[in-house]
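Here the structure is laid out as structure tokens; the discussion comes afterwards.
The values are calculated or read from the model by the stated rules, or taken from the named source; none is laboratory data. All of these numbers come straight from a predicted model, not from anything done at the bench. Don't worry about glycine lacking a Cβ; one is built from the backbone with ideal geometry, like all the others, and counts go over all protein chains shown. We work out accessible area using only protein heavy atoms, side chains counted, and drop any ligands, DNA or RNA first. Shrake-Rupley method; radii C 1.70, N 1.55, O 1.52, S 1.80 Å.
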Amino acid sequence: MLQPIIAGVIGALTGFASSFALVIAGLLAVGASPEEAASGLLALCIGQALLAALLSWRFRLPLSFAWSTPGAALLVAAEGTTGSYSAAIGAFIVCGLLILVSGLWAPLGRAMTRIPMPLAGAMLAGILFPICIAPVTAVLQEPLLAAPVIIVWLLLIRWLPRWAVPAAMLVAIIGVVISAGSEWMTGATLAPGFTVTLPTFDPLVIVSLGVPLYIVTMAGQNVPGFAVLTTLGFRGVPARTVLAATGAATALTAPFGGYALNLAALTAALMAGPDSHPDPARRWIAPIAGGVTYVLLGLGAGVATALVSAAPPILIIAVAGLALLGAFTTGLVSAFEVPETRLTAAVTLIVVASGVVVLGIGSAFWGLLVGALVMLVTRPRQPRSMVEGAPAKEPE
């Protein structure tokens with residue numbers, strides 16, 4: 001029992017430390033108050049803990065869950081385009097319902113897994129690009145705070161890559177505490193309460209935020225999560241149940257600030273791999289232990305939010321950029337892997353990364369739309385047979 005429990009605790013600590021600041025920054029960017037952001041972080045922690053405990057126990061599989069880190073990056077990029085926090089809550093609910101329908105209605109689930117990789121990868125890379133260049137900007141704007149963070153990350157990425165980002169976050173926290181003194185604790189509470197925000201459903205915000213949030217959560221989190229479990233030998237994963245459960249959990253936690261819950265990818269590798277337990281049949285214990293750890297960490301959401309609010313915004317985004325370099329690289333590779341669709345990928349990435357807002361709709365939507373149009377226009381025609389009467393060769 002001890003080995004999978006330790007793996008679950010390590011996985012939860014790694015997942016939380018790597019991106020909790022980005023979650024808070026994302027919620028603040030779409031209009032949440034510090035109390036509402038703390039509520040959102042706590043709701044996400046409890047939501048993924050319940051999903052992990054119930055589904056892992058039910059199916060005896062190491063099913064670990066997480067908040068959507070690319071989704072948090074999308075929230076940061078959407079700053080100033082949502083109109084109000086209640087409109088963002090409405091978009092979160094729509095995102096959850098779309099994930100739920102993907103699990104209940106097979107055609108939509110299949111359609112999401114068949115989004116052309118040049119479009120999905122380029123959109124993900126475009127969303128993450130402004131965050132991934134933040135470490136460079138941070139060194140220029142806050143050299144005394146940012147340089148130690150990057151140095152620690154660079155040293156550990158060579159010898160202890162699993163702990164590189166958590167250690168970088170720890171160094172950033174120490175720097176913020178030293179520079180801010182004791183004032184950052186004013187108003188912080190150890191056990192934050194839930195703050196309910198009634199949703200408003202703004203069509204522009206749903207298109208600009210809700211739909212892209214759904215796509216990046218599915219393409220950037222759920223699909224890789226299933227792939228990780230399959231690679232580790234777990235081929236009986238109940239995909240439809242997992243999608244329906246995460247969609248329902250997202251919709252239910254949305255009024256408290258839970259923007260998107262999904263199957264984990266990084267922590268799945270930690271909790272479902274051989275390091276968790278030599279016997280695959282015993283690894284389902286790890287996500288349950290990880291869920292308990294997430295709840296305990298979530299109880300400090302008020303303190304975490306106060307700390308993030310006191311830090312220079314560029315420093316928080318810089319640490320998140322270090323954490324997202326792997327996802328950014330994956331997006332680039334999948335976007336530009338096929339030579340014939342590289343122009344489509346480039347156009348999609350450029351439009352998304354530009355951050356343009358047209359008709360109140362953000363760049364993630366326009367990047368997908370423009371990329372799809374370019375793909376249709378540049379798609380090669382089916383070659384005709386050189387031999388009269390012979391059927392045309394099917395494209396590969």
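Remarks
- Residues in the stretch 251-268 that are open to solvent by 50 Å² or more (accessible area, probe 1.4 Å) and out of contact with any Phe, Trp or Tyr (no Cβ under 6 Å at 6 or more places or on another chain) were compared, and the one that is modelled with the lowest pLDDT is 266.
- Single match in 239, 227, 245 (criterion: modelled with pLDDT under 90 and in contact with a helix residue (DSSP H, G or I) (Cβ under 9 Å, 6 or more places away or on another chain)): 239
- Within the stretch 294-311, the set of residues being open to solvent by 20 Å² or more (accessible area, probe 1.4 Å), part of a helix (DSSP H, G or I) and at pLDDT 85 or above comprises 295, 296, 297.
- Among the helices (runs of 4 or more DSSP H) confined to the stretch 7-119, the ones with at least 1 residues that are farther than 19 Å from residue 252 by Cα are located at 34-59, 69-77, 106-113.
- A Cβ distance below 6 Å, combined with a sequence gap of six or more or placement on separate chains, defines the contacts here; from the stretch 362-379, residues that are in contact (Cβ under 8 Å) with a residue 24 or more places away in the chain and in a helix (DSSP H, G or I) reach residues that are open to solvent by 50 Å² or more (accessible area, probe 1.4 Å) and of a type in the set (Ser, Thr, Tyr) in the pairs 363/354.
- Tabulated pairs, the stretch 196-220, first more than 12 Å from residue 127 (Cα to Cα), second open to solvent by 50 Å² or more (accessible area, probe 1.4 Å) and of a type in the set (Phe, Trp, Tyr), C-beta under 6 angstrom, 6+ apart or interchain: 207/365; 208/365
- Any hit, the stretch 335-347, residues being within 24 Å of residue 18 (Cβ to Cβ) and among the β-branched types (Val, Ile, Thr): no
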